[in-house]
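I have placed the structure first, in the form of structure tokens, so that the comments after it can refer back to it.
Taken together, the values in this text are just the output of simple stated rules run on the coordinates, not laboratory data. This structure is a prediction, so every number in the text was calculated from the model and none was measured. All Cβ positions, glycine included, derive from the backbone under ideal geometry; neighbour counts span all protein chains shown.
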Amino acid sequence: MHIHDVVVAGFGSSGISLAAAIDYHDDAHQGTGPLDAVHLERSATSAWQPNQVLPGTDIQHHFLRDLATPRDPRSRFSFTNFLMQSGRFYPFTLLGGYVSRLEWSEYVQWAAAQVRKQAEYHREVLRSSPSPTPTAPSALRG
Ligand SMILES: Cc1cc2nc3c(=O)[nH]c(=O)nc-3n(C[C@H](O)[C@H](O)[C@H](O)COP(=O)(O)OP(=O)(O)OC[C@H]3O[C@@H](n4cnc5c(N)ncnc54)[C@H](O)[C@@H]3O)c2cc1C
């Protein structure tokens, strides 16, 4: 049986944010090797709330509260980096910072594609249970 360091159920905002943090962890701990993480997502994509992306609707939070900025304002996974990479930074700042739900969903999917360990889509977690002998991930030990 293969025991992973980290198993993430769902590759929505939380799962992607965690995957980004794992990338940073691995960068900072190259001597111990990367964490053995697996991300399982039951849907075909990481589209953010696909049933709620209606024309003319916007997000209900400040865009700086994205998948990475609160943890590291210089993160490559930030919404501002997404704007820069997609050539939308200057139009966005001219328009005053309005973010549509469609644009946020595009950002979430962009971030999902940036992380090193890609999610396995069409994989549903059917059960989880607490480990009787919890152990720290190998790369975090010591
Ligand atoms: C109507 C509505 C509007 C909202 N608007 C905002 C907003 O504007 N701004 C804001 O900050 N928050 C908003 N939220 C809160 C929203 O929950 C968060 O923005 C964010 O989507 C939460 O991320 P998450 O990863 O926890 O959950 P989700 O985005 O729901 O992602 C969970 C993922 O896990 C997958 N999954 C679930 N179960 C399994 C399983 N057993 N196996 C494998 N995969 C699984 C799902 O397919 C999904 O992709 C809104 C919520 C609702 C309901």
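Points worth noting:
- With contributions of -39500 (n - 2.57) from each DSSP H run of at least four residues, the per-residue ellipticity at 222 nm computed over the chain stands at -9000 deg cm²/dmol.
- Segment Arg127-Asp27, extension gain: residue separation times 0.36 nm, minus the distance between their alpha carbons: 32.9 nm
- Cβ-to-Cβ counts within 10 Å put Tyr121, Tyr90 in ascending order as Tyr90, Tyr121, the fewest first.
- In the chain, the longest principal axis of the Cα atoms and the axis of helix 101-114 are about 40 degrees apart.
- Residues Phe79, Phe92 in ascending order of nearby Cβ atoms (within 10 Å, fewest first): Phe92, Phe79.
- Cα centre as origin, Lys/Arg/Asp/Glu Cβ charges: the chain dipole, Debye: 100
- Three-way shape call for segment 6-140 based on the alpha-carbon gyration tensor, with the a/c threshold at 1.5: oblate
- Angle of helix 13-28 to the longest C-alpha principal axis of the chain, folded into 0 to 90 degrees and rounded to 10: 60°.
- Residue separation of Leu102 and Arg42 scaled by 0.36 nm, minus their Cα-Cα distance, works out to 19.5 nm of gained length.
- Here the Gaussian network model covers the chain, with springs between Cα atoms less than 10 Å apart; of Leu102, Leu35, Leu54, Leu54 fluctuates the most.
- In terms of other Cβ atoms within 10 Å, Ser17, Ser43 run from fewest to most in the order Ser43, Ser17.
- Length gained on full extension, Asn51 to Leu94, computed as 0.36 nm times the residue gap minus the Cα-Cα distance: 12.6 nm.
- Mean-position separation - Cα centroids, segment 1-27 and segment 101-127, in angstrom: 11
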